[in-house]
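We did not get these values from a lab; they are worked out from the coordinates using the rules stated. Only a predicted model underlies this, so the values are computations on that prediction, with no experimental measurement involved. Cβ: placed from backbone, ideal geometry, glycine included. Neighbour counts: every protein chain shown.
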Amino acid sequence: MKNVTRNFTGKEKIIIALMLVILLFLAYNQFVDKPIKQSIADEQEEQKLLQAQIEGVNKKVLALQQMQDELDALSSTGETPPEMRPYNAKREERYFIAGVLKSTKRWNISFSDCTRNGDQIRRQFTVTFTTETYKKMEWFLTQLNKCPYRCIINKARCSIQNSRSLEGTEEPEVVVTLTATFFETMVGGTPDADLPADSRK
Amino acid sequence: MALSIKDKTAGLSRGHMPSKTSINFAEIGKQKSHYWSAVPVIAVVLVIAALVAKFGVLDRLEDVSAEEAKTAELQQQLNQANAKVDSFGELTEKYARLTYSGMTDAEVTLADRVQVLDLINTVLMGKCTVESWDLSGNELFIDVHTEGNELRHISMLADALEQDPRVATTQITSSNAVSVSSEDGEDQYMTSARIKVRLNKKEVIKG
């Protein structure tokens with residue numbers, strides 16, 4: 001019986017050592033290097049997303065800060081305009097107009113369909129009214145001007161005329177035709193079937 | 001493999017017999033190695049292992065930790081920014097309701113209508129008769145008449161209007177004088193005019 005056990009030769013040892021090194025390298029690559037690279041790549045990807053989010057939120061903060069500054073500036077000057085009501089405040093606006101028109105002698109009012117431009121709603125109306133005195137006409141316009149709901153008088157035409165009374169006497173009267181707009185906002189407003197399409201789109 | 005020679009022919013003379021009674025060919029040429037000779041190899045292997053552990057594993061894990069810390073810091077920044085947004089509450093709604101956002105420049109810079117009435121009252125009333133006025137945007141047309149045949153009076157009215165800080169410019173667009181016969185038979189003159197007033201724009205804070 002032959003006994004063949006013997007030591008590795010030098011070449012064999014070198015080959016075995018090389019194979020061991022390659023094996024270790026592969027194991028390192030598979031179980032250490034790759035997971036670490038993947039972790040770093042994942043973290044960097046998440047950082048990019050976070051940075052984009054931070055940028056977006058910071059822009060929002062800046063815009064909000066500017067809004068706050070503008071509100072502060074308005075309140076410091078005491079020139080805060082009347083409140084713009086959320087859509088749809090036509091009922092309150094009509095009640096307001098009705099209250100003011102009571103002071104006039106005759107009136108005729110027509111409302112246009114509201115228009116929408118982004119969040120801005122405009123509700124235009126035209127009213128012709130007659131008052132006995134110039135003072136009453138001034139009172140009407142002042143009331144409309146300081147209306148608690150945002151309203152601007154676009155056009156107004158005032159003329160002092162003479163009218164003949166039932167008794168046949170001439171009496172002066174003031175006739176005004178004006179076009180004004182109530183402003184409402186879609187911010188906080190609830191859309192309904194009357195809401196027009198956005199003219200910006 | 002050991003060979004053993006049991007002499008069956010002990011009686012035979014075969015000359016000199018080898019003194020060795022066993023042999024292992026595998027042992028031939030084998031040099032006896034000492035354990036101490038492995039020390040340098042082990043040391044080299046340990047040094048390489050330490051270097052790999054340091055630069056290939058520990059340093060890399062530190063890189064991962066640094067990236068994780070950076071991510072955590074960004075997450076914290078995002079949370080702080082979100083908290084700041086939340087701190088503004090319903091500012092957007094308040095802003096939409098209380099500022100001029102959404103309105104056009106032409107709308108927000110319209111001259112205050114009450115101030116227009118005040119302008120007519122303070123500058124014209126008592127100096128002439130205001131027949132009518134027509135206001136559109138920041139343009140005001142006023143129809144007036146004065147007694148006498150004097151365009152100068154109308155011109156003075158226009159000048160008085162222009163000196164008011166609420167007025168940008170004035171212009172007499174038309175004027176005429178007519179004579180009216182009075183009850184006592186004397187001719188009385190009346191000068192009518194239309195004055196165009198360009199009002200100053202209202203200054204507002206608009207974002």
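For chain A, modelled as a Gaussian network with Cα springs under 10 Å, which listed residue fluctuates most, A:Ile22, A:Ile160, A:Ile152?
A:Ile22
Within 12 Å, Cβ to Cβ, of B:Glu162, how many net charges do the neighbouring residues add up to if Lys/Arg are +1 and Asp/Glu are -1?
Neighbour charge sum, excluding B:Glu162 itself: +1.
Have a look at the protein assembly as shown and give its Rg and Dmax from the Cα atoms, expressed in angstrom.
Calculated on Cα positions, Rg and Dmax stand at 50.5, 196 Å.
Using amide H atoms built in the peptide plane, which far-off residues or other-chain residues are under 5 Å from A:Thr185 H to H?
A:Arg85, A:Tyr87, A:Ile121
Which of the cysteines found in chain A have nothing to pair with, since no other Cys Cβ lies under 4.7 Å from theirs?
A:Cys114, A:Cys158
Label B:Glu93 and A:Ile40 with points 7 Å out from Cα along Cα→Cβ: what is the distance between them in nm?
Taking the simple label geometry, B:Glu93 and A:Ile40 are separated by 5.0 nm.
Around B:Asp143, with a cut-off of 9 angstrom between Cβ atoms, what is the net charge of the other residues, counting Lys and Arg +1 and Asp and Glu -1?
For residues surrounding B:Asp143, the net value is -1.
Which residues in the range A:84-128 have a backbone N closer than 12 Å to a point placed 7 Å from the Cα of B:Thr104 along the Cα-to-Cβ line?
Correct set: A:117.
What FRET efficiency would be calculated for the residue pair B:Ile42, A:Gln53, taking the C-beta separation as r and a Förster radius of 56 Å, to the nearest 0.05?
0.60
What FRET efficiency comes out for A:Gln66 versus A:Asn162 if R0 is 51 angstrom and r is the Cβ-Cβ distance? Round to the nearest 0.05.
So the FRET efficiency works out to roughly 0.40.
Based on the Cα coordinates of chain A, what is the per residue volume of their convex hull in Å³?
Here the figure is 229 Å³ per residue.
Hey, got the dipole for the range B:105-199? About the Cα centre, +1 on K and R Cβ, -1 on D and E Cβ, debye to the nearest 20?
In total the dipole reaches around 320 debye.
Once both labels are modelled 7 Å past Cα along the beta-carbon direction, what's the B:Ala160-A:Gln124 spacing in nm?
3.6
Semi-axes of the range B:103-207's equivalent ellipsoid from the Cα gyration tensor, sqrt of 5 times each eigenvalue, largest first, rounded to whole Å?
33, 11, 11
Pairs of lysines 8 or more apart, or on different chains, with alpha carbons under 22 Å: count those in the range A:61-201, would you?
Number of lysine pairs found: 16.
For a label point 7 angstrom out from the Cα of B:Glu203 toward its Cβ, which stretches of the range B:89-118 have the backbone nitrogen within less than 16 Å?
Output list for this probe position: B:109-112.
Please report, in debye to the nearest 20, how large the charge dipole of the protein assembly as shown is about its Cα centre when each Lys and Arg carries +1 at its beta carbon and each Asp and Glu carries -1 there.
Here the protein assembly as shown has a charge dipole of around 4480 debye.
Amide H to amide H, which residues 5 or more places from A:Lys105 or on other chains are under 5 Å from it, using H placed in the peptide plane?
Answer set, sorted by chain and number: A:Thr130, A:Thr131, A:Glu132.
Considering the options A:Leu141, A:Val32, A:Cys114, tell which one lies farthest towards the positive end of the dipole of chain A, charges being +1 on Lys and Arg and -1 on Asp and Glu at the Cβ, about the Cα centre.
A:Val32
When only DSSP loop residues count, what GluC sites (Glu not before Pro) in the range A:110-169 have their Cβ near at most 10 other Cβ atoms within 10 Å?
Loop-located and lightly packed - A:Glu167.
Karplus couplings for the range B:45-55 from phi (6.51 cos²θ - 1.76 cosθ + 1.60, θ = phi - 60°), rounded to Hz, Gly and Pro as x?
With the stated coefficients, the range B:45-55 comes to 4, 5, 5, 4, 4, 5, 5, 4, 4, 5, 7 Hz.
Hey, got the dipole for the range B:41-87? About the Cα centre, +1 on K and R Cβ, -1 on D and E Cβ, debye to the nearest 20?
For the range B:41-87, the charge dipole is close to 100 debye.
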